[in-house]
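Enquirer: Quick one: the structure is below, and I'll ask about it shortly.
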Amino acid sequence: MTTTWIAGVLAGTALICAARPAVAQDKGKTEAAELARAAQSALQQLYARVPLAKELGPKAHAILVFPKVTKAGLGIGGQYGEGALLKGGTAVAYYKTTGASFGLQAGGQQYGYAMLFMNAKAVEQLDNKNGFEVGVGPSVVLVDEGMAKTTTTSTLKDDIYAFVFGQKGLMAGLGIQGNKITRITPK
C-alpha cells in the first residue's frame, strides 16, 4: 500500500512538472538575496574543485548556477531547483529548472549544476517564451570529471558547458538533458 501511494505521489509530481505550461515570471520559492548568495557560493566551490570550470568562468558571457536540485523517482521521476544567472559575479536574473523522467529508476538525490554560456546568442535562448530546454537549441556539453581533466580551453568551441557537482543521495543515472529552464521572480 505504501509503495503504491509513493508511486502515485511521484507520478503526480512528475506529471505536474512536465505538463504545466511555462508561465513567464513564475513565482520562485526562495528569496532573491538568498538565491544569489547560494549561487555565488556554489560557483566558488565548483571553481575550487574543477580547474577547467575556473578557467572557463571568466570567458563566459554569463553563468547560470543551480546550487541545489532535488531529484526523486520510482519508475517516474521529477526534479526541481532554483538558480541565479551571474554576470560579472552579480545575479542579474533568476531561473528554475524542472524535469520529468520515465523508466527504470528508483531513489532520490540532490546535486547542483552550473551552465557556462560562452556567447551572447546562447544567453538569449534562456528567455525563450516557452522556456529553455536543455538539448534543444544551442549545443550543451556536459563536462564530466574525465573530460575536465583532459580538456584545455583552447579546444573548447561549444555554446554552453555544464558542470554537475555536489551529488548527495542514491539514484542511478544523472544528466541534465531534457531539463526545462524558466525565468522566475523570487519572493
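Enquirer: Starting from the amide H of LEU142, placed 1.01 Å from N in the peptide plane, find each other amide H under 5 Å away whose residue is 5 or more places distant or on another chain.
Expert: Counting only residues 5 or more places away or on other chains, the set is ALA162.
Enquirer: What spacing in nm lies between the two simple spin-label points modelled at GLN44 and LYS59, each 7 Å away from Cα in the Cβ direction?
Expert: 2.5 nm
Enquirer: Please give the contour-minus-distance gain from ASP158 to LEU74: 0.36 nm per residue of separation, less the Cα-Cα distance, rounded to one decimal in nm.
Expert: Working: separation 84, 0.36 × 84 = 30.24 nm, distance 3.42 nm.
The ASP158-LEU74 span can extend by a further 26.8 nm.
Enquirer: While we're looking at this one, here's another question. Which value in nm describes the separation of the simple spin-label points at ASP127 and GLN167, placed 7 Å from the Cα toward the beta carbon?
Expert: Spacing of the two 7 Å Cα→Cβ label points: 3.5 nm.
Enquirer: Calculate, in nm to one decimal, what LYS187 and GLU31 gain on full extension: separation in residues at 0.36 nm each, minus their alpha carbon distance. Spell out each step's value before the answer.
Expert: Values: separation 156, 0.36 × 156 = 56.16 nm, distance 0.51 nm.
That works out to 55.7 nm of additional length.
Enquirer: Still on this structure, please answer the following. Could I get the Rg over Rh figure for segment 33-106? Both from C-alpha atoms, Rh via Kirkwood, rounded to two places. Kindly include the intermediate steps, with their values, before the conclusion.
Expert: Details: Rg = 14.4 Å, Rh = 13.4 Å.
Looking at segment 33-106, the ratio lands at 1.07.
Enquirer: As an exercise, identify the trypsin sites (Lys or Arg not before Pro) in segment 30-69 lying in DSSP coil whose Cβ has no more than 14 other Cβ atoms within 10 Å. Numbers along the way, then the final one.
Expert: Working: sites: ARG37, ARG49, LYS54, LYS59, LYS68; in loops: none.
Sparse-neighbourhood loop trypsin sites (Lys or Arg not before Pro): none present.
None of the figures in this text is laboratory data; all of them are computed from the coordinates on show. This is a predicted model, so every value here is computed, not measured. FYI the Cβ positions are ideal-geometry reconstructions off the backbone, even for glycines, and counts take in every protein chain you see.
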